[in-house]
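Remarks on the structure that follows.
Just so it is clear, none of the values below were taken in a lab; they were calculated from the coordinates. As the structure is a computational prediction, the values presented were derived from the model and not from experiment. Please note: Cβ atoms are built from the backbone with ideal geometry, for glycine as well, and neighbour counts cover all protein chains shown.
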There are 2 protein chains.
Amino acid sequence: MAAGKKQKAGVIGLGSMGLGVARTLLKKGFEVHAYDVRPEVSKAFAKEGGIAAKSPADVGRNVPVVIVLVVNADQTNEVLFGKDGAASTLAKGSVVIASSTVAPEFAIDLGRRLDAKGLMLIDAPVSGGAARAAKGELSIMGSGSKAAYKKAGAVLKAIAVKVYELGPDAGTGSKVKMINQLLAGVHIAAAAEAMALAIRAGADPKVVYEVISNSAGSSWMFQNRVPHILDGDYTPLSAVNIFVKDLGIVLDSAKKMTFPLPLTAAAHQLFLGAAGAGLGYEDDISVVKMYQAMSGIKLPAKKKK
Amino acid sequence: MAAGKKQKAGVIGLGSMGLGVARTLLKKGFEVHAYDVRPEVSKAFAKEGGIAAKSPADVGRNVPVVIVLVVNADQTNEVLFGKDGAASTLAKGSVVIASSTVAPEFAIDLGRRLDAKGLMLIDAPVSGGAARAAKGELSIMGSGSKAAYKKAGAVLKAIAVKVYELGPDAGTGSKVKMINQLLAGVHIAAAAEAMALAIRAGADPKVVYEVISNSAGSSWMFQNRVPHILDGDYTPLSAVNIFVKDLGIVLDSAKKMTFPLPLTAAAHQLFLGAAGAGLGYEDDISVVKMYQAMSGIKLPAKKKK
């Protein structure tokens with residue numbers, strides 16, 4: 001395909017998720033305009049074949065579809081509507097794929113503000129983590145108009161193996177993602193609580209893992225995270241701080257609805273404790289170390305390679 | 001096989017689990033001596049081809065292997081060591097398969113007391129529920145000596161599709177079951193919390209169920225129990241009272257070890273609340289009605305057939 005005929009896409013935010021998405025788009029033949037608040041990161045991406053943008057506005061004036069993968073709602077707002085924001089330069093009819101985990105009420109408001117500028121939103125939280133972002137194997141819990149999905153179709157297809165279309169309304173994607181994060185966070189904390197008790201009770205944690213993985217007590221997170229405990233390896237795949245943030249979003253949203261979440265609140269306190277103990281950047285299952293601190297259990301040591 | 005050559009097995013406790021196990025053993029050609037505290041239940045089982053025992057001792061004097069499927073530790077103790085208990089009549093070398101959910105420390109003590117009488121224990125909590133008990137498809141989280149497993153092998157094979165041998169020590173089976181129940185109970189309450197919030201937030205509960213079932217927020221219990229909420233059908237497969245009891249056992253055991261369980265405690269309070277609201281005999285996912293009571297959400301109505 002001639003260079004001038006390449007499909008164009010923008011990526012704003014080159015963290016572990018955004019960089020994986022940007023590289024995937026490059027690999028699949030897109031002309032990728034990318035921006036990160038750290039100029040050295042954009043420049044490094046340019047050496048891989050991307051185009052380093054000087055600002056979000058610089059991304060916006062060059063592409064019809066931009067995916068925003070920053071940390072939270074504040075940053076999403078800043079890169080779209082702040083100084084040199086992308087919303088000021090995107091052509092009418094362009095699509096913003098907003099993929100950070102945000103409160104549903106923020107997504108709804110964002111949809112209104114983009115609509116006022118003639119832009120379309122896909123409220124598109126992702127799941128799958130950095131490893132699957134790099135492989136183009138994300139799962140997207142999205143909502144947005146049929147026109148937006150059509151215009152962004154090639155980009156979505158390039159970066160995800162599963163693209164949900166949950167309806168036309170902004171907020172729906174973020175609601176489903178919020179419920180998913182509630183469960184993911186509670187299940188991680190529950191896996192930690194259960195394995196810690198197993199160790200305290202003198203059961204063999206490997207045996208417990210094997211049996212429970214095949215029993216009614218299993219969860220996706222139990223199966224995925226408990227091996228980190230067994231291996232004593234807390235290298236972050238997803239960090240404690242992610243759940244401090246995401247369960248915080250869930251609790252704030254629910255509080256605005258006067259809705260109590262006793263389990264989520266208990267799990268959030270444990271993640272907060274882990275962050276307070278200096279484990280914020282460790283793997284999220286490090287929350288098991290709170291139980292170690294409260295009981296003196298001996299967790300499996302890291303295996304030598 | 002001539003009647004006199006039939007293998008013999010005893011079943012004590014003909015509740016929903018025990019009756020299923022007893023019928024399975026009959027179906028597979030065993031001579032089944034069965035006892036229940038309600039004489040009419042034993043008599044009804046005799047009409048199906050079983051032999052109604054007048055007391056646990058009456059079971060014990062006729063069989064080399066007896067499975068005990070009563071409600072709790074107290075009843076297990078009573079049918080084995082109480083008046084006319086089976087331990088007084090079982091021949092030396094016989095096997096007791098104790099399958100009620102009990103505290104690990106009870107199972108350990110039970111093993112010692114049976115050993116003192118020359119009897120062997122398999123500490124053998126089951127999972128799978130009444131439906132799978134009736135089909136001979138239980139999963140057994142067992143521990144006990146190789147000799148005990150050998151002697152009880154035909155019985156175990158008849159009633160279960162999966163028989164774990166978790167080691168020689170009494171208590172190991174009950175520890176693993178305790179951890180499983182901790183997770184099962186927390187996951188049911190988390191599923192209720194998540195679906196209730198989804199409804200409050202205005203998301204379509206069916207869509208949420210479909211997406212989360214395929215996402216990192218899923219659990220065995222989420223997939224299995226949430227359809228009851230969607231169908232508005234709280235017919236008990238497993239009841240709220242089971243988790244009032246089982247999480248109570250987990251919390252009591254952990255307290256004796258000075259081990260805190262914040263998530264389990266929160267979940268237990270919700271099941272207690274559901275029982276206090278008169279829902280003890282409803283399906284365990286009725287715990288979602290606690291969230292209804294705290295928020296006024298409208299749960300899906302029961303479908304007309």
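Some notes on this structure:
- Going from the fewest other Cβ atoms within 10 Å to the most, the residues A:ASP115, B:ASP84 appear in the order A:ASP115, B:ASP84.
- Around B:ALA267: net Lys/Arg minus Asp/Glu count, Cβ-Cβ under 12 Å: -4
- Rounded to whole numbers, the Karplus 3J(HN,Hα) couplings from phi for segment B:277-286 are 7, x, 9, x, 9, 7, 4, 4, 6, 4 Hz, using 6.51 cos²θ - 1.76 cosθ + 1.60 with θ = phi - 60°, and x at Gly and Pro.
- Proportion of all alpha-carbon pairs of the protein assembly as shown beyond 35 Å (%): 47 percent
- Note: relative contact order over segment B:3-168, using C-alpha pairs below 8 Å and six or more positions apart, is 20 percent.
- Summed residue charge, Cβ within 13 Å of A:ALA133's Cβ, Lys/Arg positive, Asp/Glu negative: +3
- Gained length - B:ASP204 relative to B:ASP74, 0.36 nm times residue gap less alpha-carbon distance: 42.3 nm
- Net charge over other residues, Cβ less than 15 angstrom from the Cβ of A:GLY185 (K, R count +1; D, E count -1): -3
- Cβ crowding within 10 Å ranks A:LYS117, A:LYS150, B:LYS245 as A:LYS150, A:LYS117, B:LYS245, fewest other Cβ atoms first.
- Between A:LYS6 and B:LEU237, the FRET efficiency from the beta-carbon distance, with R0 = 60 Å, is close to 0.60.
- R0 of 22 Å, Cβ-Cβ distance A:GLN223-B:GLU137: FRET efficiency to nearest 0.05: 0.50
- Note that segment B:124-141 has calculated 3J(HN,Hα) couplings of 10, x, 10, 9, x, x, 4, 4, 7, 4, 5, 9, x, 10, 6, 10, 10, 9 Hz, one per residue in order, obtained from phi through the Karplus relation 6.51 cos²θ - 1.76 cosθ + 1.60 (θ = phi - 60°); glycine and proline are x.
- Scanning chain B for DSSP H helices at least 27 Å long along the axis (C-alpha atoms) with a Kyte-Doolittle mean no lower than 0.5 picks out B:172-200.
- Exposure proxy for A:VAL37, B:VAL288: other Cβ atoms within 10 Å of each Cβ, ordered fewest to most, give A:VAL37, B:VAL288.
- Built amide H within the under 5 Å cut-off of A:GLU31, gap 5+: A:GLN7, A:LYS8, A:ALA9
- The same position B:MET294 in the other copies lies at 1.8 nm from this copy, comparing label points 7 Å beyond Cα toward the beta-carbon, shortest first.
- Normalised by the number of residues in chain B, the average gap of Cα pairs under 8 Å and 6 or more apart makes the relative contact order 13 percent.
- Note on A:LYS83 and A:LYS28: their simple-model spin labels are 3.5 nm apart, each label 7 Å out from Cα toward Cβ.
- Helical runs assigned H by DSSP (4 residues or longer) give chain A a calculated mean residue ellipticity at 222 nm of -16000 deg cm²/dmol, each run adding -39500 (n - 2.57) before division by the residue total.
- Segment A:175-295: relative contact order as a whole-number percent, Cα under 8 Å and 6+ apart: 37 percent
- Near A:SER100, the amide H atoms lying under 5 Å from its own belong to A:VAL70; only residues 5 or more places off or on other chains count, and H is placed 1.01 Å from N.
- Contour excess over end-to-end distance, with Cα ends at B:LYS302 and B:ASN214 and 0.36 nm allotted per residue: 29.2 nm
- Alpha-carbon centroids, segment A:13-37 and segment A:221-299: separation in whole Å: 29 Å
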